[in-house]
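The values are calculated or read from the model by the stated rules, or taken from the named source; none is laboratory data. Just so we're clear, the structure is a prediction, and the values are computed from it rather than from any experiment. Glycine gets a Cβ as well: all are built from the backbone with ideal geometry, and neighbour counts include every protein chain shown. For accessibility, only protein heavy atoms count, side chains too; no ligands or nucleic acids. Shrake-Rupley method; radii C 1.70, N 1.55, O 1.52, S 1.80 Å.
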Amino acid sequence: MADKRMTLDDIVDQLEDGMTIGLGGWATRRKPMALARAIARSKLKDLTLMTYGGPDIGILAATGKIKKLIFSFVSMDQIPLDPHFRAARQAGGFDILELDEGHYQMALMAAAMQVPFMATRIGLGTDLIKQPELSKTVTSPFEDAETLVAVPAIPLDAALIHVHRSDERGNVLTLSPDPLFDEILARAAKRTFVTTEKLVTTAELDMRANSRFNIIDRALVAGVAEVPFGAHPTSAEPDYHIDMEHLKTYCDAATSPELLSEYRQRFVDVPHETYVAAVGGVDAIRALRKPAY
Amino acid sequence: MSYSLAELMIAAAAQCWADDGEIMGTGIGPLPRIAAGVAKSLYNPDLMTTDGECFYTTEPLGPGLSSVDFEIEGWVPYQRVFTTLWSGKRHAMVAPVQMDRFGQTNISVIGDHKKPKSAMLGARGFPGNTTCHLNSFIFTNHTKRAFVAGEVDYVCSPGFNPSRYPDGKVPNWLDLGRIITNLCVMDFGGPDRAMRVISLHPGVTFEEVQDNTGFELARLENLPVTPAPTEAELAAMAKIDPKNIRAKMIKDNPSGIRG
């Protein structure tokens, strides 16, 4: 029986320059942040990243890892604009494919279903369909003969997601109240790598009671690393909430090259355990209070 | 009775959901969120409103409040938000950065899309929302920078601009709701769906609205004054927004009655 346990660095070693990689979560929820930081301190380059963006994109933009970003937004909810993303975007630092939030799902779904595109009205009348990737239309073969936008399949080389529990075979649980879109991300990807708050036995997953939290089947999971607080400073509710204080420190780091360099030294270019200590330690993270949405 | 400009705008905004029936009402940002709550409290008790995360709450939940203290009546993870919005059973109120005479809006970039002068959020769900269901709009600063001449810098949501559609016609699925600003209330009821002023806030003239708009506006011939919030509406706002976040949404929290 396959033992898929890996370390963070093992996962990064599976990735290659130029790959198209999907990042799970949404804005400030269950982002694979430890993986984003591990990529930031690796030699990887020229990545095409696809995600509902949060500080994962800010970190990877600030560290020059992005060749192309496929996105609908980069935001931290309570802090609407990410200054690292803005700075890189305004400098023309990477190529862009800007999608409607629904297009994003359709592109992954088409890849997952092994069809070339999905058809939709969404995009008609907007500037989004002036982008070459979204510029193709298709005519309905039925009586309506309606002209629709063809959203191309976007297959991923790898998907990176953060979960709450996993066994060593990659049977996972995401316990947060919203499963988000990690499932279609994994289904659109050749291989999915998972970080988990806790690695447990299959029995401890209590799958009979928790099956609704089992968002993907283990056949999709190529590797799993136990990384407690691997979503920090985003939330992995119910285990911990967003760290607004740290997100402010993160934003402040965009105000000068010196502060960015200091931020990288303290929080990015360090092993994950050192990061957890640097942001206040295990007890401080567990004590974070849920902010209002 | 005294009331603030923000409260006047909330009362006007609440009317947008009054006749919607049992659909999802989403007010994005504090003023629209309070307005959806007022609509649910007073005019459309069947409206479904969320905690901004992934639950429907029985009572409307105002900005800055934790859903922990509220009864949850349903689950609405993002996937369900999308399936709901695609079906059309939702009415959102949003606050774009720019809008043009066609009702096209922008929240993505100012300047060139490849190398913008200002990168903002990204198009988010604006294209799909406007394609699939009714949207109303709120602007707390009615200026020519918000209501721009020509077209918005990056068209995120479709509008009544025939030249942008494959067959040169505005599709019949498109509809746009009202626009609530700090000066007036507008809709798209003018000739060829032109933007039209339908009421002026107390003390505001049509000329002032026109002077602060980058394109020509249509108008009702006899323009009424936007109705003052009722006692019941003010009481609902106080209940939904006990932290008085509405007082912080417009600079210096001006009175709703100029003078």
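Here are a few things to note about the model shown:
- Filtered residues of region A:101-122 (kept if touching a Ser or Thr at 6+ places or on another chain (Cβ under 8 Å), small (Gly, Ala, Ser) and open to solvent by less than 50 Å² (accessible area, probe 1.4 Å)): A:GLY102
- Remark: B:ASP167 falls outside the filter, which requires a residue to be open to solvent by less than 50 Å² (accessible area, probe 1.4 Å), acidic (Asp, Glu) and either within 14 Å of chain A (Cβ to nearest Cβ) or farther than 23 Å from B:VAL148 by Cα (or both).
- Taken over region A:1-42, the criterion of being part of a strand (DSSP E or B) and among the small types (Gly, Ala, Ser) is satisfied by A:GLY22 alone.
- Qualifying residue in region A:72-87 (condition: in contact (Cβ under 8 Å) with a residue 60 or more places away in the chain, open to solvent by 10 Å² or more (accessible area, probe 1.4 Å), outside the structural domain of A:ILE184 (by TED's automatic domain parsing) and part of a strand (DSSP E or B)): yes
- Residue match in region A:192-207 (condition: within 14 Å of chain B (Cβ to nearest Cβ) and on the phi < 0 side of the Ramachandran plot): no
- Flag for A:THR139 being at pLDDT 95 or above, touching a Phe, Trp or Tyr at 6+ places or on another chain (Cβ under 9 Å) and open to solvent by 40 Å² or more (accessible area, probe 1.4 Å): no
- Meets criteria (in contact (Cβ under 8 Å) with a residue 60 or more places away in the chain, in contact with a Phe, Trp or Tyr (Cβ under 9 Å, 6 or more places away or on another chain), more than 12 Å from chain B (Cβ to nearest Cβ) and within 18 Å of B:ARG124 (Cα to Cα)) for A:PRO32: no
- Scan region A:147-157 for residues that are surrounded by fewer than 17 Cβ atoms within 10 Å (Cβ to Cβ) and either away from every other protein chain (no Cβ under 12 Å) or not hydroxyl-bearing (Ser, Thr, Tyr) (or both) and the total you get is 1.
- For region B:206-259, the tally of residues that are under 30 Å from B:LEU65 (Cβ atoms), surrounded by fewer than 17 Cβ atoms within 10 Å (Cβ to Cβ) and polar (S, T, N, Q) stands at 4.
- Any chance A:GLU183 is under 14 Å from A:ARG218 (Cα atoms) and at pLDDT 95 or above: yes
- Counted as qualifying within region A:232-289 are the helices (runs of 4 or more DSSP H) with 3 or more residues that are in contact (Cβ under 8 Å) with a residue 60 or more places away in the chain and either assigned by TED's automatic domain parsing to the domain that holds A:MET33 or among the aromatic types (Phe, Trp, Tyr) (or both), namely A:244-252.
- The criterion of at least 1 residues that are closer than 22 Å to A:THR7 by Cβ is met, among helices (runs of 4 or more DSSP H) falling completely within region A:131-225, by A:182-187, A:202-205.
- Residue ID - farthest from B:GLU53 (Cα to Cα), chosen from residues in region A:74-106 that are polar (S, T, N, Q) and under 18 Å from the mean Cα position of the chain (by Cα): A:GLN105
- Residues that are touching a strand residue (DSSP E or B) at 6+ places or on another chain (Cβ under 7 Å) and either more than 22 Å from B:GLY125 (Cα to Cα) or more than 7 Å from chain A (Cβ to nearest Cβ) (or both) within region B:62-83 comprise B:SER67, B:PHE70, B:GLU71, B:ILE72, B:GLU73, B:GLY74, B:TRP75, B:VAL76, listed in sequence order.
- Of all residues in region B:206-221, none satisfies being within 23 Å of B:ILE28 (Cα to Cα) and among the basic types (Lys, Arg).
- Tallying residues that are more than 7 Å from chain B (Cβ to nearest Cβ) and acidic (Asp, Glu) within region A:79-128 yields 2.
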